[in-house]
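Each reported figure results from applying straightforward, stated rules to the coordinates on display, with no laboratory input. All values derive from a computational prediction rather than experimental measurement. Using ideal geometry, Cβ is built from the backbone for each residue, glycine included, and neighbour counts are taken over all protein chains shown.
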Amino acid sequence: MIRNIVLDMGNVLLDYNPDAVIDMFCSSDEEKEVIRRELFEGPEWAMGDRGDIKDVDRFDLVKVRVPEQFHAALKACADRWEVCMNPLEGAGDFCAYVKEHGYGIYILSNASDLFYTYFPKFLPLDYFDGVFVSSDYHMLKPDPEIYRAFLGKYNLKGEDCLFIDDREDNVRGAREVGMNAFRFEGDYGAVVRYLENSAAGSEKAAPVKRKHVVVSPYDAQWKEDFLAIREELQSALGELALRIEHVGSTSVEGLSAKPIIDIDVVIADETKLGAVIAALAGIGYQHEGNLGIEGREAFGYEGKEHLRKHHLYVCTEASPELRRHLTFRDYLRAHPDAVREYSRIKEEGAQRFPCDIDSYINYKSPWIEKIYREIGL
């Protein structure tokens with residue numbers, strides 16, 4: 001159960017935008033390029049965030065690599081770079097939502113000592129249940145040790161926390177120590193939907209959590225159900241869909257499964273996503289974001305009683321999630337012994353945990369992970 005929201009600061013709450021500072025204080029393109037490279041992308045930036053130097057030390061350390069004629073602009077950028085750290089639209093409202101819904105709220109950020117000057121202009125530090133700034137502890141994300149130190153300082157369990165960051169490497173670091181993690185792409189609504197979806201599987205939403213786990217023997221009708229859904233999707237999407245794949249357990253002949261059809265719509269690249277969202281909205285599907293899983297976009301719906309219940313995802317051709325779905329499906333289709341073993345495990349899990357979906361998933365996960373390792377996923 002997610003009980004605590006742990007927020008990165010830059011590009012999650014405040015707009016860290018070096019180009020805005022460079023445009024403000026630099027004139028020529030050459031000056032901008034040099035200062036971007038040496039100040040904002042140079043080693044001293046990470047040194048400040050790690051607490052090896054103070055923010056005021058950066059100019060003197062960087063200027064030795066910068067032509068003298070650019071020193072005035074360099075000093076202005078080094079001394080006043082925080083002018084870009086303005087709240088993102090909706091950041092304050094999102095923090096209020098977190099508190100109003102009873103979550104703990106924490107900051108875990110790579111930042112220099114200047115954090116304590118600019119951040120309180122957004123919200124006071126005591127608004128949060130804890131503030132963990134990298135420069136205070138001489139470590140940086142995505143090193144797993146910083147997440148462990150954070151959890152230890154506030155006596156939190158990783159599985160109770162949702163870490164939100166705009167960088168994929170930082171998200172992976174949090175997951176490595178057992179935290180839930182969400183890559184933020186500018187849409188607080190997507191985070192709210194993720195939290196609502198997570199709550200639906202927690203004890204706070206007992207009617208959903210306690211629903212009966214139904215695993216049925218393979219039914220050839222599932223293939224026909226998929227074809228009916230595919231026909232409706234294809235009519236709406238046309239050439240936007242490179243192909244529409246039947247994935248998940250119902251796509252494997254002979255495999256016992258929950259009678260829900262899993263579908264991946266494959267598109268060329270992310271530039272097509274906007275048109276796909278609009279086309280699917282036209283036939284009653286609502287875009288729900290990636291729900292915390294990179295490489296797929298989820299879509300919900302209401303109604304559609306004429307179709308079998310289904311889960312709909314949109315993936316690019318290069319998506320790792322698409323590769324995982326297809327590789328696992330194709331392995332099972334080619335290995336009937338594995339299908340029989342997986343069916344047995346799923347049926348046993350449903351019998352042991354008929355009213356606990358989380359325990360059912362945990363029961364079958366070791367077998368799935370074993371197969372993933374065998375096939376290189």
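Descriptive notes on the structure:
- Estimated FRET transfer efficiency (E68, E185; beta-carbon r; R0 30 Å; 0.05): 0.15
- Annotation: amide H of A181 within the under-5 Å range of F163, sequence separation 5 or more or interchain, hydrogens built in the peptide plane.
- The angle between the Cα long axis of helix 336-352 and the main principal axis of the chain comes to about 80°, on a 0 to 90 degree scale.
- Once C-alpha pairs closer than 8 Å and six or more residues apart are averaged by separation and normalised to the residue number of the chain, the relative contact order reads 14 percent.
- Distance from the C-alpha centroid of segment 14-54 to that of segment 99-143: 21 Å, rounded to the whole angstrom.
- Cross-link reach list, lysines versus K223, counting only Cα pairs under 21 Å and skipping chain neighbours closer than eight places: K258, K304, K309, K346
- Amide H within-cut-off set for L88, under 5 Å, with H built and near neighbours excluded: L14, D15
- Centre-to-centre separation between the Cα atoms of segment 343-377 and those of segment 261-322: 25 Å.
- 10 Å binning of all Cα-Cα separations within segment 221-374, expressed as whole percents from 0 upward: 10, 37, 36, 16, 1
- Angle between the chain longest axis and helix 91-100 axis [Cα atoms, degrees, rounded to 10]: 60 degrees
- Karplus 3J(HN,Hα) series, Hz, for segment 214-229 with 6.51 cos²θ - 1.76 cosθ + 1.60 (x for Gly, Pro): 10, 10, 10, x, 4, 10, 4, 5, 4, 5, 5, 4, 4, 4, 5, 5
- Local net charge near D136, Cβ-Cβ under 12 Å (Lys/Arg +1, Asp/Glu -1): 0
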